[in-house]
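See below for the structure under consideration.
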Amino acid sequence: FILNFVRISKVNFELICRLINPEQVIKLILSHEEKTLFQIDLFISHFENKYFNRIRSLSLLGIDERHLKFILKCININSLNSFSLVIEKSDERYKKSTATLLSSIVSQKNLRRLEFEIPPRLIPSPTWPVQSMIQYLRIGGCTHFYPCTILQCLPMLKTISVSFRRSENHYIVLADASTTKFTQLNSLSFENLSTKIEILESLLLLIPSLNHFKLIGNGNFLDGNRWEQFIQ
């Protein structure tokens, strides 16, 4: 079964939860948005003693940080090949447990696709070195982006898409005097980026296999002549 609970009514949600066998679910989308605020607590109460053993894809949209560990208790993360997470409300009390859970998910050998919009403190940084088989990574709500660290941790990564927070300072943090070439990456996208063109040039020199580059932002990088010279 593929269960998409976005915009579902409370009555229908409860009915499906009573009828469904979690062993038969391969894809699950849960939503904690304006019209589905009931959903996560009801899901946890229905399935706290059951297990989604065959699930391949899990999306958690707009959840509170406190919800994460309770949801994952009934999920077999070893079987996941796709994981999407949007945390709408963060909670400092759970920062250690959340970081541990995310690290555990990222390190799963079957995981190929990871998408998240989470508090900046949880986004991969020099303190989160994890070896992984992920091929597609999308980061939302980013302020500090550590491309070298991410590419070192994700040797199979083919695509990165990063959306930066609006109205905040943005930083692309490169390792000091980094000369390591990352040949695994072939697609890179930035949205809402504000940075210096020199930083972008330094980054692009480290990923020689890139064949797709998308840039949306308002930095000082709108210089066609300079880009032409750089590409040549």
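Just so you know, all these numbers are worked out from the coordinates, no wet-lab data involved. Keep in mind it's a predicted model, so treat the numbers as computed, not measured. Neighbour counts are summed over all protein chains in view; Cβ atoms, including those assigned to glycine, are modelled from backbone coordinates with ideal geometry.
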Stokes-Einstein D for the range 1-92 (25 °C, 0.890 mPa s, Kirkwood Rh from Cα pairs), in µm²/s, comes to 187
Per-selection metrics, the range 123-232 (Cα): Rg and Dmax in Å: 13.3, 39
Given springs between every Cα pair under 10 Å in a Gaussian network model of the chain, which of L60, L85, L222 has the largest fluctuation? L222
Amide H contacts of F145 (H built 1.01 Å from N, under 5 Å, at least 5 apart or other chain): Y171, I172, V173
Output wanted: per-residue J couplings in Hz (rounded whole) for the range 61-69, from phi through Karplus 6.51 cos²θ - 1.76 cosθ + 1.60, θ = phi - 60°, x for Gly and Pro. 10, x, 7, 7, 4, 5, 6, 4, 5
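Could you tell me which of rounded, prolate or oblate describes the range 78-158, using a ≥ b ≥ c as the square roots of the eigenvalues of the alpha-carbon gyration tensor, with rounded for a/c under 1.5 and, failing that, prolate when a/b is larger than b/c and oblate otherwise? Write out the running numbers ahead of the final one.
Numbers: a/c = 1.57, a/b = 1.31, b/c = 1.20.
Prolate, because a/c is 1.5 or more and a/b exceeds b/c.
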GNM on the chain, Cα springs under 10 Å; top mean-square fluctuation among C153, C17, C142 goes to C17
Of the range 9-26, those with amide N under 19 Å from the point 7 Å along the Cα→Cβ vector of N53 are 19-26
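May I ask you to derive the relative contact order of the chain, considering only C-alpha pairs under 8 Å and at least 6 residues apart, and to give it as an integer percent?
11
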For K95 and I44, extending 7 Å from Cα along the Cα-Cβ vector and measuring point to point gives, in nm, a value of 2.1
Shape call for the chain from the C-alpha gyration tensor, a ≥ b ≥ c root eigenvalues: rounded (a/c under 1.5), prolate (a/b greater than b/c) or oblate? prolate
Residue by residue through the range 153-167, what is 3J(HN,Hα) from phi via Karplus (6.51 cos²θ - 1.76 cosθ + 1.60, θ = phi - 60°)? Round to whole Hz and write x for glycine and proline. 7, 10, x, 9, 5, 9, 9, 10, 10, 10, 10, 8, 5, 6, 6
